[in-house]
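Only the coordinates and a few stated rules stand behind these numbers; no lab work does. Remember, it's a predicted structure, so these values are computed and weren't measured experimentally. Neighbour counts run over all protein chains shown; Cβ positions are idealised from the backbone, glycine included.
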Amino acid sequence: MKKSLLVIPIIIVLAVFFYPTTSNSKADGSPGEKTNSAMDGQNCTGCHSGTINSGIGTATITTNIPASGYSIGSTYTITLTGIKTNCIKFGFELTAENAMLGKAGTFLITNSTETKFATGTNNTAVTHKTAGNSGNTTKSWSMDWTASTNTSGSTIFYAALLFANNNGNNNGDNTFTTSLSVNEEIISAINDISVNNDFTFNTVTKTIEAQKTVDAYDISGKLVLTTTSNSTNLSHLSKGIYIIKSGNKTQKIILN
């Protein structure tokens, strides 16, 4: 009887030890820094076997950023789409970087059911949740992105997209990577966003010439100056990006 009692726990231990391991650890998102970007340097193959960008499949990034470029302080929608015939399990991580300034802009979660910030990245990278890894041949995820001062000049969006074979482990999956480069909108000294020429700004003298009341806001949207003078010098303001408004005209300026 004692031998029988001893055999049972031994069998249980051996069964647990030799039972095939299934890995669902990434079902709820990337562990972070797996976008294949210049800074991250890693992708989904760090956790899943397979050769990057092999097999049949596509990964693309699209945005509603206009052809003229993004405006600092504005928010845009970024969409990542993966297509692989008969695939029903997907995953991804997406980030944005500026070649000179590092991680660029800030992401906003617009679908909290399917997406979240990647582990340890705060708001600089987005990944999937468990509820957002299922699809049928095609899967898309969207998020918002705000261009901040660390996006000056240009930004590159990077993404790694996983096409999983849903076999319960990390073997036999396909990883595809993609990127999209976008530029900041260039606004000349007297090129305004609206059609009314309510004021002009001289980039050399840093002076506003106006016939109406002019308001100046910093990049966070804080009002820093209001003037009714025909000529106002802004040299006393700190270096940075400002939005100037008067009547129907709005213009972004840079003080340096």
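Results, tabulated for the structure shown:
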read-out	value
Sum of side-chain charges, Ala104 neighbourhood, beta-carbon under 12 Å (Lys, Arg +1; Asp, Glu -1)	-1
Two-site label geometry, Thr85 and Thr228: point separation in nm, points 7 Å out along Cα→Cβ	7.2 nm
Taking Asp215, Asp40 and counting other C-beta atoms within 10 Å, the order from fewest to most	Asp215, Asp40
Order of Tyr76, Tyr158 under a 10 Å beta carbon neighbour criterion, fewest first	Tyr76, Tyr158
Net charge of neighbours whose Cβ lies under 13 Å from the Cβ of Tyr217, counting Lys and Arg as +1 and Asp and Glu as -1	+1
Rounded FRET efficiency, nearest 0.05, which uses the C-beta distance separating Met100 from Asp144 and R0 of 22 Å	0.40
Summed residue charge, Cβ within 15 Å of Ile156's Cβ, Lys/Arg positive, Asp/Glu negative	-3
For Ser134, residues with placed amide H under 5 Å, excluding near neighbours	Phe90
Neighbour-count ranking [beta-carbon atoms within 10 angstrom, fewest first] of Phe201, Phe92	Phe201, Phe92
Ordering of 106-113, 137-144 by packing [mean C-beta count within 10 Å, highest first]	137-144, 106-113
Trypsin sites (Lys or Arg not before Pro) within the range 221-256, DSSP loop, no more than 11 other Cβ atoms inside 10 Å	Lys222, Lys239
Amide proton proximity set for Ser74, modelled H, under 5 Å, gap of 5+	Ala147
Label zone at Asn202, where the point sits 7 Å out along the Cα-to-Cβ direction: the range 208-249 residues whose backbone N lies under 13 Å	208-210, 230-235
